[in-house]
Amino acid sequence: MRRIGSFLLLTLLLSLTLGCGVCGLSGIGGSKEPSPAEAPSEGEEAAEPTEAPSGEDASEPPGGEGETEEEEEISLSSVSSGLQSLDSYRSHFTMSFEGTTEDETESWVYEMDVENVRDPFAQRVVIQGGYAGEGFESIQIGDKRYMVLGEGQCISSSADESDAEDMEIFEPDDAFGGLEGARRVRPDEQVNGIPCRHYAFDETSIGWGGFAHAEGEMWVAKDGEYVVKYIMQADGKNPITQDEEGHVEWEYEVRDVNTPITIEPPDGCSGAEGEFPVMPDATDMTTMGGMLTYTSASSLEEAQAFYQEQMAADGWSEADAPFVSPDTAMLSFTKEGRTATITLTSEGEGVSVLIMSE
């Protein structure tokens, strides 16, 4: 339980809300359309049309597709903005650091993979390396969330769609911050099959981090205005602790946009939830191994009667006489060499249920 408490504290400290959207592009110009040719005066013969030089399109003015080469810029406040409108996508984020502090060398690599389906909502987040220890996996499918820790311990709980943000302990937005005045690079390119505008920037575009030197590139989808790829390297402070000086590299990309993605619960995560009866009005349910907790709007007496009836129907026998006080009831059952203890506690007008088995 101490490990769970530490994990939840880390989540609370490091999670941030997604930022606002990617700002629009500006500075796109165009060449003036040529005026129509004047009609010949009376008595004059119309001039024969001249033939376009070989390899050129007579309908296009010289110099390109009607666009001037003005410099274009973009400002970015959130690398994740725009993804919410996609039906599905996968993203990968890597951040690495190499540096020294007090003559000690520090080096780490942090990685986060995300799979997301908008409707019906499902999301899978896998984090490993860096300060994530052994790493963990988080899966949310509708109103159910599963979390698998590094040693294979699984926790499942009730959730809603807004809780998904809380499970991303360290998001790309937390590392990248904003950009001002990233410069357009031509020609446009396709990245992961997505037509993109290409931009480049240096430390003058970065208002965070205090980097002595930085350079990077970014590709933004023409349709949807979301970031498809972002790479950057910089020299400066450790982006996590802000202590050590060193070299930092980021790489982020989005792929498999609007393609079928199936997200399923992790193996072996049902635990006590599938083994013991649960009251029909259960809410805020959490399971971890052989432990199950939830709350119910039922009274203490109704919950006690439910478990004495349902446990007997499932083949469990009461091991001892129940302990009952005005606010608490403890029931003990055995079955095929196993023991289950059910603790019921009054909470306001309802009851909390804790089941532990071994």
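For region 288-297, a residue qualifies if it is small (Gly, Ala, Ser) and in contact with a strand residue (DSSP E or B) (Cβ under 6 Å, 6 or more places away or on another chain), and the qualifying residues are 290, 296, 297.
The strands (runs of 3 or more DSSP E) located wholly in region 224-307 that include 3 or more residues which are within 28 Å of residue 108 (Cα to Cα) occupy 227-237, 245-255. Scan region 322-336 and tell me whether some residue there is within 20 Å of residue 290 (Cβ to Cβ), exposed (fewer than 15 other Cβ atoms within 10 Å of the Cβ) and acidic (Asp, Glu). The answer is yes, given that some residue of region 322-336 is within 20 Å of residue 290 (Cβ to Cβ), exposed (fewer than 15 other Cβ atoms within 10 Å of the Cβ) and acidic (Asp, Glu).
Any residue at all in region 115-135 that's among the basic types (Lys, Arg), at pLDDT 85 or above and assigned to a strand (DSSP E or B)?
Yes, region 115-135 contains a residue that is among the basic types (Lys, Arg), at pLDDT 85 or above and assigned to a strand (DSSP E or B).
For region 224-248, a residue qualifies if it is surrounded by 16 or more Cβ atoms within 10 Å (Cβ to Cβ) and acidic (Asp, Glu), and the qualifying residues are 225, 244.
Looking at region 210-223 only, could you name the residues that are out of contact with any His (no Cβ under 9 Å at 6 or more places or on another chain) and surrounded by fewer than 17 Cβ atoms within 10 Å (Cβ to Cβ)?
So in region 210-223, the residues out of contact with any His (no Cβ under 9 Å at 6 or more places or on another chain) come out as 210-216, 221-223.
Within region 210-223, 210, 212, 213, 215, 222, 223 qualify.
Taking the criterion of being part of a loop (DSSP other than H, G, I, E, B) and either touching a strand residue (DSSP E or B) at 6+ places or on another chain (Cβ under 9 Å) or closer than 22 Å to residue 297 by Cα (or both), the residues of region 332-358 that qualify are 348, 349, 358. Of all residues in region 58-78, those that are modelled with pLDDT under 80 and of a type in the set (Val, Ile, Thr) total 1.
Select from region 92-120 the residues that are in contact with a Ser or Thr (Cβ under 6 Å, 6 or more places away or on another chain) and in contact (Cβ under 8 Å) with a residue 24 or more places away in the chain and write down the one among them that is surrounded by the most Cβ atoms within 10 Å (Cβ to Cβ). The residue in question is 114.
Report yes if some residue within region 143-164 is in contact with a helix residue (DSSP H, G or I) (Cβ under 8 Å, 6 or more places away or on another chain), of a type in the set (Lys, Arg) and at pLDDT 70 or above; otherwise report no.
Going residue by residue through region 143-164, those that are in contact with a helix residue (DSSP H, G or I) (Cβ under 8 Å, 6 or more places away or on another chain) are 145, 147, 149, 154-156.
Filter once more, keeping what is of a type in the set (Lys, Arg): 145.
Still in the list and also at pLDDT 70 or above: 145.
Checked region 143-164: at least one residue is in contact with a helix residue (DSSP H, G or I) (Cβ under 8 Å, 6 or more places away or on another chain), of a type in the set (Lys, Arg) and at pLDDT 70 or above.
Taken over region 192-208, residues that are crowded, with 17+ Cβ neighbours inside 10 Å and closer than 21 Å to residue 111 by Cβ amount to 0.
Does residue 283 meet the test of being within 41 Å of the chain's Cα centre (by Cα) and surrounded by fewer than 17 Cβ atoms within 10 Å (Cβ to Cβ)? Spelling it out, residue 283 is indeed within 41 Å of the chain's Cα centre (by Cα) and surrounded by fewer than 17 Cβ atoms within 10 Å (Cβ to Cβ). Counting the residues of region 256-276 that are on the phi < 0 side of the Ramachandran plot and modelled with pLDDT under 70 gives 4.
The values are calculated or read from the model by the stated rules, or taken from the named source; none is laboratory data. Because the structure is a prediction, the values reported are computed rather than measured. Virtual Cβ from ideal backbone geometry, glycine too; neighbours counted across all protein chains shown.
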